[in-house]
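Data first, discussion second: the structure below is written as structure tokens.
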Amino acid sequence: MEPGEIHALLGENGAGKSTLMNVLYGLYQPDEGEILVDGKPLKLKGPSDAIGAGIGMVHQHFMLVPVFTVTENIMLGAEQIRGGIAGFLDRRRARREVTEVSERYNLRVDPDAVIEDLPVGIQQRVEIVKALTRDVDLLILDEPTAVLTPQETEELLTVMRSLKAAGKSIVFITHKLGEVKAIADRITVIRRGKTVGTASPEASRDELAALMVGRNVRLTVDKTPATPGEPVLEVAGLVVDDDRQIRAVDGVDLTVRAGEVLGVAGVQGNGQTELIEAIMGLRPALAGTISLAGDRINGWKPKKVLRAGVGYVPEDRSVDGLIKEFTVAENLVLDIYDRPPFGAGLALKPDAIAASAKERIEQFDVRTSSAEAAVGTLSGGNQQKVIVARELSRPLKLFIAAQPTRGVDVGSIEFIHSQVIRERDIGTAVLVVSSELDEVIGLADRIAVMYRGRIIGIVGPDTPREEIGLLMAGISPDAAHDAIAAPAADKPGATTADSPGVADGSPASDAGSASEDEA
């Protein structure tokens, strides 16, 4: 790599991208080969050696202490003593350093903020500032956009450009083709632990996807028109508060019918999470009704909702979808472990669990060394496949998928999308919530757009992206339609769903930055 270069490392989940970079950062020891820095071999015994050699890394799962402030987290491991007195940390000096680095690289962070109070995008900035205060020349970003909103993703790309302009080299690990084409100077593709090719950003999405997966990949969803049946999920007048007791869902009405996909689009943070959690019994409804196949399920516990025929892919697989210390086989039966053929009462049936795991691993192409491996050792995309395999392994009335392909590579996206449509085609009602506009458009038969806790409009998937983007920004359906129909000269200053600018943080800008490679 050259100074001021962004080198993308592209590959599907489990290809070995993170493992390779963990070797470069000193977390893993190589079995063979060598690392050269400025033409000289570099032996790394641990991350401190890597940092000393000017190498920093921002991990996919942040290495921050939630109850510490930004400054305290950045000091951690490089504490400075005040006045040479043992036991007294020089917090003022550390705070000044954080402020200086933040301003120099346009990484706006509050040095006194507590980490657990910050959104994910800002936490990631803290990790980058932490690396830069160590005066690194090479920064490794491991799947940095996997948990970011579209706006946060665009802001990160802006930060990467500023770091490049300052002469920093960046290894950008990802599987998102649109981001690679937007930011990379060079691209290396690895598959199953081996380099299979290099490419320039001018390469087409189809060419990059084929290099990643080893075959041609459909980047659009293949489906026939839906034939909706009777209503399965009916929500009327639903009111829900968030964790701060602030109104998050404000009088939502929606219906999902058998054999259709209803997509919920919207900039993240407009009530989608609370809506799904209320349906699943994870959050109380303050008003309104939730009905499943004619039965009112308000107040039901999540276990009862699942047993009633609801499959659920949560938006945060690490927190709500898996027990990382459990094996893959155990995670595949988490919600049915006490029912035949897997168990009865307190007694589990290991042979039945193992046989089912083998079948699901093959059917859903889960890349794991063994069904007995801890699920936390799998790549993010393969963890997601475990959840999808578990939830689609039993007969369902309703399938709820929240951010179903977050942090998932193009090959896995294609597979998960096909499973969603397959479930629709056998007559299951499907509710998909995604911050990726292309994903919603590709999967949905109808699209409900949420804004500030309300459904602002329900449209068809053939609705122009620009019009859906305006709805996501809170513009009424009639006004959005009129804005699209009007000549460009008649609508000065209008922000469209294809507008490239997102740095101002407006909702309209959020809507316009959904990546095009996820559908």
Handout entry: Number of positions in the range 161-180 that are under 19 Å from the mean Cα position of the chain (by Cα) and either modelled with pLDDT of 95 or more or over 17 Å from Asn22 (Cα atoms) (or both)
Key = 6
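Let's see how each residue does on (1) acidic (Asp, Glu); (2) surrounded by 13 or more Cβ atoms within 10 Å (Cβ to Cβ):
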| site | (1), (2) |
| --- | --- |
| Val67 | no, no |
| Ala78 | no, yes |
| Arg92 | no, no |
| Val120 | no, yes |
| Glu127 | yes, yes |
Problem - Entirely in the range 35-149, the helices (runs of 4 or more DSSP H) that have 2 or more residues that are in the same structural domain as Arg406 (by TED's automatic domain parsing) and aliphatic (A, V, I, L, M) - result: none
Exercise for the section: Just one of (1) in contact (Cβ under 8 Å) with a residue 40 or more places away in the chain; (2) assigned to a helix (DSSP H, G or I); (3) of a type outside the set (Val, Ile, Thr); (4) surrounded by fewer than 23 Cβ atoms within 10 Å (Cβ to Cβ) trips up Ala182, so point out which. Expected result: (1)
Fill in the blank from the handout: The number of residues in the range 223-239 that are among the β-branched types (Val, Ile, Thr) and in contact (Cβ under 8 Å) with a residue 60 or more places away in the chain is 2
Practice task
Return yes when Val239 is surrounded by fewer than 19 Cβ atoms within 10 Å (Cβ to Cβ) and either in a loop (DSSP other than H, G, I, E, B) or not polar (S, T, N, Q) (or both) and no when it is not.
Solution key: yes
Exercise for the section: Go through (1) of a type outside the set (Val, Ile, Thr); (2) assigned by TED's automatic domain parsing to the domain that holds His61; (3) at pLDDT below 85; (4) surrounded by 15 or more Cβ atoms within 10 Å (Cβ to Cβ) one by one and return the number of the condition Asp206 breaks. Expected result: (4)
Exercise for the section: Could you tell me which of the residues Ile400, Ile413, Ile387 is over 26 Å from Glu179 (Cβ atoms), assigned by TED's automatic domain parsing to the domain that holds Ala293 and under 18 Å from the mean Cα position of the chain (by Cα)? Expected result: Ile400
Exercise for the section: Can you confirm whether the range 21-31 contains a residue that is closer than 12 Å to Ile190 by Cβ and either among the hydrophobic types (A, V, I, L, M, F, W, C) or at pLDDT 90 or above (or both)? Expected result: yes
Practice task
Could you tell me whether any residue of the range 290-297 is in contact with a helix residue (DSSP H, G or I) (Cβ under 9 Å, 6 or more places away or on another chain) and closer than 25 Å to Val333 by Cβ?
Solution key: yes
Exercise for the section: Would you be able to say whether some residue in the range 60-74 is touching a Gly at 6+ places or on another chain (Cβ under 9 Å) and aromatic (Phe, Trp, Tyr)? Expected result: no
Handout entry: Qualifying position, being surrounded by fewer than 17 Cβ atoms within 10 Å (Cβ to Cβ), more than 19 Å from Val65 (Cα to Cα) and out of contact with any strand residue (DSSP E or B) (no Cβ under 6 Å at 6 or more places or on another chain), among Lys176, Lys194
Key = Lys194
Problem - Cβ pairs under 9 Å, 6+ apart, first in the range 68-89 and under 19 Å from Glu100 (Cβ atoms), second at pLDDT below 75 and part of a helix (DSSP H, G or I) - result: Leu89/Arg82
Problem - Hey, Tyr337 among the aromatic types (Phe, Trp, Tyr), touching a strand residue (DSSP E or B) at 6+ places or on another chain (Cβ under 6 Å) and free of Cβ contacts under 8 Å to residues at least 40 places away in the same chain or not - result: yes
Practice task
Any residue in the range 356-374 that's under 18 Å from Glu12 (Cβ atoms) and in contact (Cβ under 8 Å) with a residue 60 or more places away in the chain: show its pairings with residues that are among the polar types (S, T, N, Q) and in a helix (DSSP H, G or I) at Cβ separation under 6 Å, as long as the two are six or more apart or on different chains.
Solution key: Arg367/Asn382
Practice task
Assess whether Asn73 counts as being closer than 30 Å to Asp243 by Cβ and not basic (Lys, Arg).
Solution key: yes
Fill in the blank from the handout: By residue number, the members of the range 216-248 that are within 27 Å of the chain's Cα centre (by Cα) and within 21 Å of Gly442 (Cα to Cα) are Asn216, Val217, Arg218, Leu219, Thr220, Val221, Asp222, Lys223
Practice task
Test Asp365 against the stated conditions and say whether it is under 23 Å from the mean Cα position of the chain (by Cα), charged (D, E, K, R) and in a helix (DSSP H, G or I).
Solution key: no
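The values are calculated or read from the model by the stated rules, or taken from the named source; none is laboratory data. Treat the numbers as computed from the prediction; the structure is a model and nothing was measured. Cβ coordinates were reconstructed from backbone atoms using ideal geometry, including for glycine residues, and neighbour counts include every protein chain displayed.
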